[in-house]
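Visitor: Dropping a structure here in structure tokens format, bear with me for questions.
The values are calculated or read from the model by the stated rules, or taken from the named source; none is laboratory data. Given the structure is predicted, the values throughout are model-derived calculations rather than measurements. Note that each Cβ is placed from the backbone with ideal geometry, even for glycine, and that neighbours are counted across all protein chains shown. Accessible surface is based on the protein model in full, side chains and every heavy atom, while ligands, DNA and RNA are left aside. Shrake-Rupley method; radii C 1.70, N 1.55, O 1.52, S 1.80 Å.
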Amino acid sequence: MRHDIVLVGLNHRTAGVDVRERFALAEHCQPDTWAVPPAEALSEALILSTCNRVELLGVGADSASVRDHLLRSWACARHAEPEDLAPFLYEYKGNEAVRHLFAVASSLDSMVLGEPQILGQLKQAYRRSVESRATGVILNRLLHKAFSVAKRVRTETAVAANAVSISYAAVELARRIFGDMPKHRALLVGAGEMAELAAMHLLQAGIDEIVVVNRTRERAVELARRFHGRAASFEELPARIADADIVITSTGSPEPIIRARDLRAVLKTRKNRPMFFIDIAVPRDIDPDVNGLDNVYLYDIDDLREVVEENLAGRREEAAKAGAILDEEVALFSGWLESLESQPTVVELVRRGERVAEEELARTLKRLGPLDENQRAAITAMAHAIAHKLNHAPIMFLKEDGMAREGAPARVNLVRRVFALDAPPGRHGRGA
């Protein structure tokens, strides 16, 4: 039986956020809301729905039928028509579908190259497909292989190394300057999304004490509570700066809130211990004149963008190495799939050989007359050995390494015709 693998989807490259929202299937991948009903055309299915992509993966005997069923099911779940999806779709089948899935799992197809979230999302999608009883031998093997490929890419390449978000880059710069992060204190000025991400990265870097200052104290209290820190009012900012080694600002102020003249007294209080300022606000929160002070390091968002771009360039170089890993792993999976397609024919060949050997053995022993036990055993062993050797060449032909995926069905059909495996009983010829 053929096992065609088909993937249809849309992502951040082919569709805007409004389209991705319209066709999202996040609410349609639980057992009681599963969007892809069973069908003769489809034996297995998986749904991956995130904010950046929606993809359906299916297995069946005919790729065109699998594709049509996936698209109809997807459109129906979103009260649309397959034609509505067409302008935004990409489609892969066979080895291309396998390679795309491996690339997704390894974060080589993500909006941010190397980001780790997609692997967890794919694992969750697989778990839900299993719970919905939508997977089988092929997808179970394929998804586990995708997870191991992702691990191999992260282990053998640096595709996930270095900062590629502004907040992460900011914390990495602080780590380079101060080294032992747990010994230092951090101050966040502002409590928006960028500050929240910075707080998360600071904790991961080992900072024990984070103080949050915001014009709206309630928001500062909320953010500080989430990250086990302390909140302070905006009026306390000068005093809080004096206590901090790392200051990250991300307010919406139209004017700078920190200037060199504000810091001179602070530096005397600190006895000129180094201070690290990261301004990720637009417009800037920190006046560039701060750069003129001794023992003060100031980076703004443009500086950080340069770091991010350099690191992304490095990740792209590593992605080329990862591509070679994907090619190797696709070939291995393809080989397994080919062996799966030929296995029933191999089994039939072996059984046919054994049957022919037994039939001819019975005729021969009848003609030979009385034999002792050793003689009968020797003739029996010879008959089965001949059958085994005659089967060896066609079996190796079916299992030949490097056989193209598209060539597997043709080889199977050829062997079945030559050895009349599908002929009706009585049409095989004598002894067959």
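Visitor: Going by what's in this entry, would Val17 be described as crowded, with 23+ Cβ neighbours inside 10 Å, outside the structural domain of Trp336 (by TED's automatic domain parsing), more than 13 Å from Ala97 (Cβ to Cβ) and not basic (Lys, Arg)?
Guide: It is false that Val17 is crowded, with 23+ Cβ neighbours inside 10 Å, outside the structural domain of Trp336 (by TED's automatic domain parsing), more than 13 Å from Ala97 (Cβ to Cβ) and not basic (Lys, Arg).
Visitor: Give the number of residues within region 270-305 that are modelled with pLDDT under 90 and either part of a helix (DSSP H, G or I) or in contact with a Cys (Cβ under 7 Å, 6 or more places away or on another chain) (or both).
Guide: 5
The rows are residues; the columns are (1) surrounded by 11 or more Cβ atoms within 10 Å (Cβ to Cβ); (2) modelled with pLDDT of 80 or more; (3) on the phi > 0 side of the Ramachandran plot.
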{"position": "Gly369", "(1), (2), (3)": "no, yes, yes"}
{"position": "Ala385", "(1), (2), (3)": "yes, yes, no"}
{"position": "Lys389", "(1), (2), (3)": "no, yes, no"}
{"position": "Arg430", "(1), (2), (3)": "no, no, no"}
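Visitor: Okay, next question. Run Glu196 past the list (1) open to solvent by less than 40 Å² (accessible area, probe 1.4 Å); (2) touching a Leu at 6+ places or on another chain (Cβ under 7 Å); (3) farther than 30 Å from Ile325 by Cβ and report the number of the one that doesn't hold.
Guide: Single failed check for Glu196: (1).
Visitor: Sticking with this one: For region 87-124, how many residues meet the condition of being closer than 21 Å to Glu318 by Cβ and not in a helix (DSSP H, G or I)?
Guide: Selection size over region 87-124: 11.
Visitor: With the structure loaded, tell me whether Ala169 is open to solvent by less than 70 Å² (accessible area, probe 1.4 Å) and either touching an Asp or Glu at 6+ places or on another chain (Cβ under 8 Å) or free of Cβ contacts under 8 Å to residues at least 40 places away in the same chain (or both) or whether it fails that test.
Guide: No.
Visitor: Given the structure, is Val212 in contact with a strand residue (DSSP E or B) (Cβ under 6 Å, 6 or more places away or on another chain), open to solvent by less than 50 Å² (accessible area, probe 1.4 Å) and either of a type outside the set (Val, Ile, Thr) or in the same structural domain as Ala281 (by TED's automatic domain parsing) (or both)?
Guide: So Val212 passes the test.
Visitor: Considering region 179-209 alone, what residues qualify as being more than 13 Å from Asp279 (Cα to Cα) and assigned to a loop (DSSP other than H, G, I, E, B)?
Guide: Within region 179-209, Gly179, Asp180, His184, Ala191, Gly192, Gly206, Ile207, Asp208 meet the criteria.
Visitor: Let me ask something else. Quick check on region 38-70: of everything there that is outside any strand (DSSP E or B) and under 12 Å from Leu10 (Cα atoms), which residue is modelled with the highest pLDDT?
Guide: From region 38-70, those outside any strand (DSSP E or B) are 38, 40-41, 43, 50-52, 61-70; that's our starting set.
Next, only the ones that are under 12 Å from Leu10 (Cα atoms) stay: 50-52.
Numbers: Thr50: 88, Cys51: 80, Asn52: 83.
Of everything passing the filter in region 38-70, Thr50 is modelled with the highest pLDDT.
Residue-wise test of (1) within 23 Å of Gly120 (Cβ to Cβ); (2) of a type in the set (Ser, Thr, Tyr).
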| site | (1), (2) |
| --- | --- |
| Ala24 | yes, no |
| His28 | yes, no |
| Pro31 | yes, no |
| Ala35 | yes, no |
| Ser43 | no, yes |
| Arg67 | no, no |
| Arg78 | no, no |
| Glu81 | no, no |
| Val98 | yes, no |
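Visitor: Among the residues of region 216-223, are any in contact with a Pro (Cβ under 7 Å, 6 or more places away or on another chain) and not in a helix (DSSP H, G or I)?
Guide: No; the residues of region 216-223 include none that is in contact with a Pro (Cβ under 7 Å, 6 or more places away or on another chain) and not in a helix (DSSP H, G or I).
Visitor: Which members of region 135-146 meet the condition of being open to solvent by less than 70 Å² (accessible area, probe 1.4 Å) and more than 19 Å from Arg2 (Cβ to Cβ)?
Guide: Leu143, Lys145, Ala146
Visitor: I would also like to ask the following. Would you say Phe277 is within 30 Å of His184 (Cβ to Cβ) and either among the aromatic types (Phe, Trp, Tyr) or open to solvent by less than 30 Å² (accessible area, probe 1.4 Å) (or both)?
Guide: yes
Visitor: Looking at Val308, is it farther than 30 Å from Glu115 by Cβ, open to solvent by less than 60 Å² (accessible area, probe 1.4 Å) and part of a helix (DSSP H, G or I)?
Guide: Values: farther than 30 Å from Glu115 by Cβ: no; open to solvent by less than 60 Å² (accessible area, probe 1.4 Å): yes; part of a helix (DSSP H, G or I): yes.
No; evaluated as a whole, the condition is false for this residue.
Visitor: Turning to a different aspect of this structure: Which residues, counting only those in region 237-257, are among the β-branched types (Val, Ile, Thr) and either without any contact (Cβ under 8 Å) to a residue 60 or more places away in the chain or in a helix (DSSP H, G or I) (or both)?
Guide: Once the filter is applied, which keeps residues that are among the β-branched types (Val, Ile, Thr) and either without any contact (Cβ under 8 Å) to a residue 60 or more places away in the chain or in a helix (DSSP H, G or I) (or both), region 237-257 yields only Ile241.
Visitor: Limited to region 117-132, what total is found for residues that are touching a Pro at 6+ places or on another chain (Cβ under 9 Å) and either surrounded by 15 or more Cβ atoms within 10 Å (Cβ to Cβ) or under 24 Å from Ser334 (Cα atoms) (or both)? Break it down into steps so the answer makes sense when it comes.
Guide: Initially, region 117-132 is screened for residues touching a Pro at 6+ places or on another chain (Cβ under 9 Å), giving 128, 131-132.
Then drop every residue that is not either surrounded by 15 or more Cβ atoms within 10 Å (Cβ to Cβ) or under 24 Å from Ser334 (Cα atoms) (or both), which leaves 128, 132.
Number satisfying all stated conditions: 2.
Visitor: Additional query: Would you mind stating whether Leu85 is of a type outside the set (Asp, Glu), surrounded by 18 or more Cβ atoms within 10 Å (Cβ to Cβ) and touching an Asp or Glu at 6+ places or on another chain (Cβ under 9 Å)?
Guide: In short, no.
Visitor: Would you say Val137 is assigned by TED's automatic domain parsing to the domain that holds Ser107 and either within 30 Å of Leu337 (Cβ to Cβ) or not polar (S, T, N, Q) (or both)?
Guide: Criteria met by Val137.
Visitor: Identify the single condition in (1) touching a residue at least 60 places away in the same chain (Cβ under 8 Å); (2) farther than 20 Å from Lys123 by Cα that Val59 does not satisfy, given that it satisfies every other one.
Guide: Status for Val59: all satisfied but (2).
Visitor: Within region 335-355, does at least one residue satisfy the condition of being under 30 Å from Val98 (Cβ atoms), touching an Asp or Glu at 6+ places or on another chain (Cβ under 8 Å) and either modelled with pLDDT of 75 or more or assigned by TED's automatic domain parsing to the domain that holds Ser148 (or both)?
Guide: yes
Visitor: Now for a separate question. For region 2-13, indicate whether the set of residues that are surrounded by fewer than 16 Cβ atoms within 10 Å (Cβ to Cβ), over 28 Å from Asn413 (Cβ atoms) and charged (D, E, K, R) is non-empty.
Guide: Among the residues of region 2-13, at least one is surrounded by fewer than 16 Cβ atoms within 10 Å (Cβ to Cβ), over 28 Å from Asn413 (Cβ atoms) and charged (D, E, K, R), which makes the answer yes.
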